[in-house]
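The values are calculated or read from the model by the stated rules, or taken from the named source; none is laboratory data. Computed from a predicted model, the values in this text were never measured in an experiment. All Cβ positions, glycine included, derive from the backbone under ideal geometry; neighbour counts span all protein chains shown. Protein only, heavy atoms only, side chains kept; ligands, DNA and RNA dropped before computing areas. Shrake-Rupley method; radii C 1.70, N 1.55, O 1.52, S 1.80 Å.
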Amino acid sequence: MAEVTAANALERYLGNTIRDLRQHHGLTIAEVSEQVGISRGMFSKIENAQTATSLDTLSRIAAVLGVSLATLFRNYNVPAGSAQLVKQGEGMEVVRRGTKRGHTYHLLAYDQGPTKLFEPFLITMDDASEVFPTFEHPGVEFIHMLKGKLEYRHGQQTYLLEPGDSLTFRGDIPHGPERLLELPIRFLTTIHSTGCGFCSNLMRHFGSEGQIEHSVSWAEVFLIGSPSFLQSFSLSKHDNVGPLAESSKDVDR
C-alpha cells in the first residue's frame, strides 16, 4: 500500500509539473503530444496522474518543454524548510542594566533546538568610556566589522578593525575590545561551540520572554560561562534564578 501511495504521489507531482511547464510555454496538449509522439489522450492521462509512463516518454516530454529530465524531478520529495527569518530590528535585544548607553546585543538566531552549535549577535557600542572585561569561552569566534573603528585584543596581540574587516580566533584565549576608536561601532559576531549546555539551557529558560535586562550581557554570560556570574543576574521578569544555577552544571570547564 505504501509503495502504491508513493507511486501515485510521484505521478501527481510529474503531472502537475508537466502541466505547469506546458502552460508556461503557452502550448496545448495537442501540440506537445504530437511532438512527443504519443496520443492526446495518453498525454492528458499523464498530466492528470491517471497512468504511469516510461522514462523514455518522460525524457521526450522534457525535451519538448525545454528542460532536462532531472528538472522534472528536481522538487519531488524535498524536505520541508525550517529556516528562521529574523527581520531587521527584530533580533532579541539584550542591554546592560543602569544605562541606556554602553553596548547592546541583538541575538539574531534562537530556538535552534536543544543543542546550540552557534550564536550570532549584532553588537552596537556607543560609549567611549565603557570598560570591557576579558572574555574566555570554548570554541571559535568570528567577528565582522560593519561600522566604526575598534582595537580588539586576542591574547598578546591587538588588531585594528575597520568596516569590512573580519577576525577569527580561538575563544579559549583571553580576548575583548581594547579601545573604541570611532563611534558608533557595529559588528557581527558568531560564536561556534559544540558543548555549551549552559547557553542552551539559558536560551530555553528565557527565550520566550522577549527583551531581557540584566547586569551582565547575555553574550558575556555565554562567553564567560562561570557559575559565579549567576549571582549578578537581575532579570526584569524573573526574581528566581534557581533554574540558572541548575543549568550551570552543564558549563564547560
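Put simply, the amide H of H103, placed in the peptide plane, has neighbours under 5 Å in R96, leaving out anything fewer than 5 places away on its chain.
Amide H contacts of H137: D172, I173, each under 5 Å away and 5 or more positions distant or on a separate chain (H built 1.01 Å from N in the peptide plane; Pro and chain starts excluded). Computed with a 1.4 Å probe over protein heavy atoms only, the accessible area of K116 comes to about 10 Å². The order of L181, L55 by accessible area, most exposed first and with a 1.4 Å probe, is L55, L181.
In order along region 28-38, the Karplus-derived 3J(HN,Hα) couplings, from 6.51 cos²θ - 1.76 cosθ + 1.60 at θ = phi - 60°, round to 8, 4, 4, 5, 6, 4, 5, 5, 6, x, 10 Hz, and Gly and Pro are given as x. Put E34, E162 in order of accessible area, highest first, and with a 1.4 Å probe you get E34, E162.
Annotation: T28 carries an accessible surface of approximately 70 Å², with a 1.4 Å probe and no ligand, DNA or RNA atoms counted. The charge dipole of region 1-76, taken about the Cα centre with unit charges on the Cβ atoms of Lys, Arg (+1) and Asp, Glu (-1), comes to about 80 debye, rounded to the nearest 20. Taking a ≥ b ≥ c as the square roots of the eigenvalues of the Cα gyration tensor, region 12-70 is classed as rounded, since a/c falls below 1.5.
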